[in-house]
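**Q** Okay, handing you the structure first.
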Amino acid sequence: MAALARLRARLPALREEYFRRNRCVDEDRKIKYKAAVKIQSWFRGCRVRAYLRHLNKMVICIQKRWRGYQSRRYFRKIVKTAYFIMKMNFYNEMAVRIQKRWRGYYVRKYIHNYYALKKYLEAVSVNNEIVRNELQEYAEMNENERRKKDQEKKEKEKKYQARKMHYLLSTEQIAGIYNSPFRKSPDPMELLLRQSKPLSHRQQQVKSPFTDELYDWPTCKRPPTFHAGEPLPPIGRQKPQGPFRDTAEVLRQRYKPLEPTLRVATSIDSPLGKARAEMKREEWRNHIHDNEFLPFSSYHKNEKYDPSIHRSGKYGQETYGIKHFREVQPNKWVTGKLLEWSGMWNTS
């Protein structure tokens, strides 16, 4: 019994020792497990990386061999093509040279004679030089003629101005504007004024617009014409002063042919007048009413409204919208009921 009591007394301590040892074993087992996992992961990683490096090297080697094979094959083809092209170019160049030599020889011998062509070109150059010299002389001659004409035109204009301004000539008593006393010699215009004559102001003859034949004078269908075989000598009288028109214009207006209007040319009982009168009568018969409709004016403002037959009753005009649009039912009105309810509410 004593031993049993001692065992019971030692039981809690044994239990704690058991739990402590189990906990140490579990912790040691977890540490060892983690270390094993770490070692395995490191080893497997090293093995996989080594395998991947090996695969990468193998792939690079295969690609290198394949690309080298393709490049050598491609360059062989390029070299063959280039060699073929060079060969064809060489053959083509040789053929071109042969053709050029043969064609040159053929043309020089059978088509073109070099010496004859040279002689022809020399003749053409000589002819061109002759033509060029003649054209140069012709151009110079035209230029001299043009200058001569311009000079003559200027001389004529200067003489005309001198005749026109002859009143500016100097006299013995009064010196002109071109004869200044401060000059040693007179102006060239002064000398030209002395040589020229004064300009005479004669009235120019107006050519008559009428013809040489008198035709149909009473009917006035054509303008009157006068016979003028030889021109009459000019009358030395001047044009009268005042607002007088030209004689030819006055005669043209006086003997102007008659141009009647359409109303004067047609008779009173013409078919056109009858047709117009019939059209007016037909238009008057077809009129519905004579009152013009003016919607935007105050023409109908003060007029009394005339109701239509459909809107008028026996004893007067009916209100619009009662008979034809709605029915009158006083028993359904709400106003009477509202009044009754309000009265009952006030009494209560």
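The values are calculated or read from the model by the stated rules, or taken from the named source; none is laboratory data. What you are looking at is a predicted structure, and each value in this text was computed from that prediction instead of being measured. All Cβ positions, even for glycine, are placed from backbone atoms using ideal geometry, and neighbour counts span all protein chains on display.
**Q** Can you name every residue in the range 128-174 that is closer than 22 Å to Leu199 by Cβ, free of Cβ contacts under 8 Å to residues at least 24 places away in the same chain and in a loop (DSSP other than H, G, I, E, B)?
**A** Ser170, Thr171, Ile174
**Q** Can you name the number of the only condition in (1) modelled with pLDDT of 75 or more; (2) part of a loop (DSSP other than H, G, I, E, B); (3) within 60 Å of the chain's Cα centre (by Cα) that Thr211 fails?
**A** Going through (1) modelled with pLDDT of 75 or more; (2) part of a loop (DSSP other than H, G, I, E, B); (3) within 60 Å of the chain's Cα centre (by Cα) one by one, Thr211 breaks only (1).
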